[in-house]
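The values are calculated or read from the model by the stated rules, or taken from the named source; none is laboratory data. Note that the coordinates shown come from a computational prediction; the quantities given were computed from them, not determined experimentally. A quick note on method: Cβ atoms are made from the backbone with ideal geometry, for glycine too, and the neighbour counts reach across all protein chains shown.
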Amino acid sequence: MRLLSVVLSGGAGSRLWPASRQAFPKPFMKIGDSTLLQQAIERGQACGTGDLMVVTNKDHLFLTREVLQQMSDPPVTSLLLEPKGRNTGPAIALAALQCAREFSGDTVMLVLSADHLVPDVHAFVASASEAFRLAQNGNLVVFGVSPTSPDTGFGYIEVEHVSRESQGVKRFVEKPDLETAQSYLATGRYYWNSGMFAFTADAIIAALEAHAPEVIRAARAALTTSKAAGDCVNFDLHTFGLQPDISIDYAVMERASNVHVVPAKFSWSDVGSWPAVSNALIPDASGNTLPEDVVAIDTTGTHVQVESFGPKVVATVGVHDLVIVDTPDALLVLHKDSAQKVKQVVNALKARKHDTVHQPTLVHRPWGTYTSLKQGEGYKVKRITVRPGEALSLQYHHERAEHWVVVQGQGMVQIGEVEYETFPGQYRYIPLKEKHRLTNTGEEELVLIEVQCGGYLGEDDIVRLADTYGRT
């Protein structure tokens, strides 16, 4: 029987701000040596799933491709590109319909979240094998995690009694308050809801038809009006937006009678806060998780993360149980006990329409990256990188001229109708409203310093005349 990994990759990037942003959410953060998205994909591969389906926002397409390209053995992948968020109910409905159409209805779908941390892959495979067995018999399977604390950030699953064996689910309950969560733990009858599932495409479609017909009906309409391009499925914004914003738990799991829970025989974290990130790393003798070059004096239980364009000295003195996250455009200092209040910071910044909510300083594009280094009245300085063989769009600007200096690699700079081969240390000037393009013609990454000059320097002042990536 075919097994398919379905990875749900998205999120608003609020609880791990400022490292995570709307345009660079948690799945693309590195925990250890790889991103959480890559780790989720590799968990599916370890279970024997040769095919992969990723449901993600269309704005994250190139970030997702970059993760896949960096893998030594990437799976055969289909990408369902959402034009806007519509929760896990519609995402799973679309994935199931596409799975039945692309493969077969009896394909077992292993539904994983791209923002979970599961260090012991072998233990995960053992639990997944039990989930596959139950799913093949037509059951809807959820992975349950034995709670270690009365956490109010998770949904709970009630069973007859927590054990190491799979069993039928009595009911699902939403995120409780602290007193209720404490009572759940005292009974010994509750798991945390991990948000990971296994079922056949036919089984989840039938369950949606029985318990949430409006969800599967809207998903069918969205898929009917979608357009396939290579490995991508793109959805019409209007039709896609008609889908209900509902979780798969509300839509199906709380209502269906054939739901089984498989107890997780592995450690698990949804990495939903900065203390959770800290707990995923190996602490030093003082309980700190921080880079080696941080100077820590009389510091305990503190997590430090530094993202800098160049060398930066960071020192902590006399601090305890803090989280310090320093990025080029934002600094977060919080006590670990207040980690859930980071979302309040994000909401406050949204109210001020502050760009740090949406965009990280390092912005990924299909051809490479750009970073804003400095901005003042009438000018902006950027560092641009272009991967070998890639090219920026042929474009011009209404409000700004640009000055380019290549500092690494080699490229072809087109200005008007003339092309100039350009090497490190050479300078090119692009006048206002002149069409231009940059192509990396070398075998290494091209690095360019760009100085923009003009009365308006917004990213929307761009007219694309031709583009390799279909953005005209």
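When V345 is tested against (1) of a type in the set (A, V, I, L, M); (2) in contact with a strand residue (DSSP E or B) (Cβ under 9 Å, 6 or more places away or on another chain); (3) farther than 13 Å from P18 by Cβ, only condition (3) is not met. V262 satisfies every condition listed in (1) out of contact with any Asp or Glu (no Cβ under 6 Å at 6 or more places or on another chain); (2) buried (at least 19 other Cβ atoms within 10 Å of the Cβ) except (1). Listed by first and then second residue, the pairs with beta-carbon distance under 8 Å, at least 6 apart or on different chains, first residue in the stretch 227-246 and under 14 Å from R86 (Cβ atoms), second basic (K, R) and surrounded by 11 or more Cβ atoms within 10 Å (Cβ to Cβ), are L237/K84; F240/K84; F240/R86; G241/K84; G241/R86; Q243/R86; P244/R86; D245/R86.
The residue that is farthest from Q22 (Cα to Cα), counting only those in the stretch 301-342 that are among the small types (G, A, S) and in contact with a helix residue (DSSP H, G or I) (Cβ under 6 Å, 6 or more places away or on another chain), is A339. Would you say V271 is outside any helix (DSSP H, G or I), of a type in the set (V, I, T) and modelled with pLDDT under 95? Here the answer is yes, as V271 does meet what is asked. If we scan the stretch 236-251, do we find a residue that is at pLDDT 95 or above, outside the structural domain of G144 (by TED's automatic domain parsing) and among the hydroxyl-bearing types (S, T, Y)? Among the residues of the stretch 236-251, not one is at pLDDT 95 or above, outside the structural domain of G144 (by TED's automatic domain parsing) and among the hydroxyl-bearing types (S, T, Y), which makes the answer no. Answer yes or no as to whether A276 is surrounded by fewer than 21 Cβ atoms within 10 Å (Cβ to Cβ) and within 28 Å of L110 (Cα to Cα). It is true that A276 is surrounded by fewer than 21 Cβ atoms within 10 Å (Cβ to Cβ) and within 28 Å of L110 (Cα to Cα). Only residues that are exposed (fewer than 15 other Cβ atoms within 10 Å of the Cβ), touching a residue at least 60 places away in the same chain (Cβ under 8 Å) and touching a Leu at 6+ places or on another chain (Cβ under 7 Å) were counted in the stretch 116-155, giving 0. If you check F154, F132 for being of a type outside the set (D, E), out of contact with any helix residue (DSSP H, G or I) (no Cβ under 9 Å at 6 or more places or on another chain) and in the same structural domain as M29 (by TED's automatic domain parsing), only one passes: F132.
Within the bounds of the stretch 336-350, is there any residue that is outside the structural domain of Q69 (by TED's automatic domain parsing), buried (at least 17 other Cβ atoms within 10 Å of the Cβ) and not in a helix (DSSP H, G or I)? No: zero hits.
Applying the criterion of being assigned to a loop (DSSP other than H, G, I, E, B) and touching a residue at least 60 places away in the same chain (Cβ under 8 Å) to the residues of the stretch 303-327, the residue that is farthest from the chain's Cα centre (by Cα) is F309.
The residues on offer are S127, S163, and the sole one that is of a type in the set (S, T, Y), assigned by TED's automatic domain parsing to the domain that holds V259 and assigned to a helix (DSSP H, G or I) is S127. Within the option set A222, A207, being touching a residue at least 60 places away in the same chain (Cβ under 8 Å), part of a helix (DSSP H, G or I) and under 12 Å from P90 (Cβ atoms) holds for one residue only, A222.
For the stretch 36-66, a residue qualifies if it is among the polar types (S, T, N, Q), buried (at least 22 other Cβ atoms within 10 Å of the Cβ) and either in contact with a His (Cβ under 7 Å, 6 or more places away or on another chain) or in a strand (DSSP E or B) (or both), and exactly one does: T56.
Considered as a group, the residues in the stretch 21-30 that are crowded, with 19+ Cβ neighbours inside 10 Å and among the hydrophobic types (A, V, I, L, M, F, W, C) include one that is modelled with the lowest pLDDT, and that residue is F24. Scoring A95 on the criteria (1) in contact with a Phe, Trp or Tyr (Cβ under 9 Å, 6 or more places away or on another chain); (2) touching a residue at least 12 places away in the same chain (Cβ under 8 Å) leaves a single failure, condition (1). Consider the stretch 31-56 and keep the residues that are hydroxyl-bearing (S, T, Y) and more than 11 Å from the chain's Cα centre (by Cα). The one that is modelled with the highest pLDDT is S34.
Each residue in the stretch 89-115 was checked for being more than 13 Å from S5 (Cβ to Cβ) and either surrounded by fewer than 24 Cβ atoms within 10 Å (Cβ to Cβ) or at pLDDT below 95 (or both), and 9 of them qualify.
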